[in-house]
Amino acid sequence: MQGRVTGLPKRSSNNQKTRMDKFRITGRQPLSGEIPVSGSKNSSLPAIAACLLTEEPVILHRVPQVRDIATMLKLLEYNGASVTRRLDGAVRIEAARITKPEAPYDIVKTMRASSLVLGPLAARTGVARVSVPGGCSIGARPINLHINGLEHLGATVHQEHGYIEASAPNGLRGNTVHFERITVTGTEDLMMAAALAKGTTVLENAAREPEVVDLAELLIKMGAHISGAGSSRIQIEGVERLHGAEHTIIPDRIEAGTLLIAGVMTNSDIVVTGCVPEHFASLLSKMRQAGARVEESATAVETRPVTRLRSVDMTTEEHPGFATDLQAQFMALMTGAAGISFITENIFENRFMHVPELARMGANIRIEGRQAIVAGPSELTGAQVMCSDLRASASLVLGALVARGESILDRVYHMDRGYEKIEEKLAQAGARIERIG
């Protein structure tokens with residue numbers, strides 16, 4: 001009997017109620033103490049997909065209880081896997097048989113990571129049918145890089161009726177794949193597919209993110225032969241089969257960065273624990289340039305109060321550059337800095353949707369194409385604002401934490417996609433934040 005997936009916090013058991021949830025935040029409250037970081041959502045998603053590559057059980061520790069993870073676990077159950085979230089928080093996945101090598105629209109329509117199962121399903125079963133990812137509020141994420149890569153590995157791929165269908169009845173074959181542009185999910189998808197392909201696969205212009213390295217480490221534990229993860233050239237020697245493994249997901253570097261920015265913006269002394277500072281070194285560098293006091297150890301970063309922040313320019317880039325997933329939060333930080341800051345978004349073409357909402361709080365921001373110009377410092381005041389996507393939601397929480405008066409944040413189900421119990425963590429550190437229906 002398949003185990004029941006409990007990937008959502010209890011408060012989110014009713015989907016309609018979740019969509020109506022709001023945050024009420026009263027600003028200007030100092031934070032203090034330690035705030036722990038959860039496991040990485042962006043690392044857990046490909047790790048879960050990798051479980052489709054073997055018929056043996058895989059146990060994943062530190063998988064966060066967020067909506068995107070619950071959706072991915074539901075998808076694997078649909079594929080035929082047995083999924084159980086254990087009492088210790090670990091997730092056990094056993095895909096002994098794949099009965100439906102498909103990612104149907106009804107399951108994955110709310111999640112962008114559905115393309116991650118394309119490679120594993122094609123490699124394991126010789127066929128895959130995955131719903132084409134729909135529109136995304138922060139910009140296009142074309143799946144053509146995944147498709148071109150699978151075709152290089154010998155699969156026949158075509159699109160019809162809103163689905164990508166891949167066929168490789170004789171198995172995949174190793175080849176050299178050069179990505180036209182860096183793609184994290186494309187690198188992860190092809191790395192998983194190549195693990196069961198015949199011969200050697202080389203991924204050139206590969207993504208270098210910590211999440212790619214984490215996936216490679218899991219696959220190696222499962223018996224894959226992979227070298228070069230973390231560089232722009234990854235080599236995979238295909239094997240006939242993979243076996244079960246046990247793996248701990250890396251800490252969420254985006255959550256860690258968000259919490260650190262909260263500490264700096266509220267002029268607080270907090271310690272963000274259970275993180276890997278090296279994974280968000282570009283953020284720490286920019287924060288120090290702005291005058292923030294941040295002190296790091298191997299697994300924690302502490303923020304200390306400062307009297308004044310100065311504006312700095314920032315441009316988002318692929319890792320090890322400044323992460324696009326921290327751009328909105330950094331912009332919120334710059335609203336309180338003295339001077340003019342130029343923030344350039346190079347990854348997604350529509351990732352400034354938080355700007356009008358920050359402006360409702362009193363921020364002085366002008367958008368010119370892919371660049372936002374922030375003039376500060378601005379005194380933010382509480383307002384009713386709307387969350388438009390995951391990271392935009394985080395920027396509005398940050399703004400509300402320093403705003404004078406009360407803010408109401410609507411549509412916080414976006415936040416629930418990627419932050420585990422964020423309001424509880426902030427409240428325990430002293431923030432006046434609560435979830436309301």
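Where a number appears in this text, it was derived from the coordinates with a stated rule and is not lab data. If you're wondering where the values come from, they're calculated on a predicted model, not measured in any experiment. Neighbour counts run over all protein chains shown; Cβ positions are idealised from the backbone, glycine included.
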GNM on the chain, Cα springs under 10 Å; top mean-square fluctuation among Ile69, Ile340, Ile147 goes to Ile340
Residue by residue through region 231-243, the couplings from Karplus 6.51 cos²θ - 1.76 cosθ + 1.60 with θ = phi - 60°, in Hz, x for Gly and Pro, are 10, 7, 10, 10, 10, 10, 9, x, 10, 6, 8, 10, 10
The long-range amide H neighbours of Ala206, using H built 1.01 Å from N in the peptide plane and a cut-off of under 5 Å, are Arg233, Ile234
Scoring only Lys, Arg, Asp and Glu (+1, +1, -1, -1) among other residues with Cβ under 12 Å from the Cβ of Pro305 yields +1
Ranked by GNM mean-square fluctuation in the chain (Cα springs under 10 Å), the top entry among Ile143, Ile98, Ile270 is Ile143
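Add +1 for every Lys or Arg and -1 for every Asp or Glu among the other residues with Cβ under 11 Å from the Cβ of Gly171, and state the total.
Around Gly171, the surrounding residues sum to +2.
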Any DSSP H helix in the chain with Cα axial reach of 15 Å or more and mean Kyte-Doolittle score of at least 1.0? Listed by number, the hits are 253-265, 390-402
Whole-Hz Karplus couplings 3J(HN,Hα) for region 85-93, θ = phi - 60° and coefficients 6.51, -1.76, 1.60, Gly and Pro as x, run 8, 7, 4, 7, x, 6, 10, 10, 10
By the C-alpha gyration tensor axes a ≥ b ≥ c (rounded if a/c is under 1.5, else prolate when a/b exceeds b/c, else oblate), the shape of region 322-391 is oblate
Checked region 41-248 against the a/c 1.5 cut and the a/b vs b/c comparison, axes a ≥ b ≥ c from its Cα gyration tensor; verdict rounded
Checked region 372-435 against the a/c 1.5 cut and the a/b vs b/c comparison, axes a ≥ b ≥ c from its Cα gyration tensor; verdict oblate
In a Gaussian network model of the chain with springs linking alpha carbons closer than 10 Å, the residue among Gln235, Gln159, Gln327 that fluctuates most is Gln159
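Counting other beta carbons within 10 Å of each residue's own, what order do His161, His146, His152 fall into, fewest first?
Numbers: His161 9, His146 27, His152 19.
By the 10 Å Cβ count, ascending: His161, His152, His146.
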Within the chain, excluding any GluC sites (Glu not before Pro) found in a DSSP loop (not H, G, I, E or B) and having at most 15 other Cβ atoms within 10 Å, the longest uninterrupted segment runs 1-179
Fewest-first ordering of Thr84, Thr316 by Cβ atoms within 10 Å yields Thr84, Thr316
For Lys22, the lysines lying under 19 Å Cα to Cα, once residues fewer than eight places off in the same chain are dropped, come out as Lys10, Lys421, Lys425
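If each DSSP helix of 4+ residues adds -39,500 (n - 2.57) and the sum is divided by the residues in the chain, what number results at 222 nm, nearest 500 deg cm²/dmol? Write out the running numbers ahead of the final one.
Numbers: 15 runs with 134 residues, N = 437.
Estimated from H runs of four or more residues: -8500 deg cm²/dmol.
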Footprinting proxy, Tyr413, Tyr419, Tyr78: sorted fewest to most Cβ within 10 Å, the residues are Tyr78, Tyr413, Tyr419
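What trypsin sites (Lys or Arg not before Pro) does region 59-139 have in DSSP loop regions with at most 14 other beta carbons within 10 Å?
Values: sites: Arg62, Arg67, Lys74, Arg85, Arg86, Arg92, Arg97, Lys109, Arg112, Arg124, Arg129; in loops: Arg62, Arg86, Arg97, Lys109.
Qualifying residues, ordered by number: Arg86, Arg97, Lys109.
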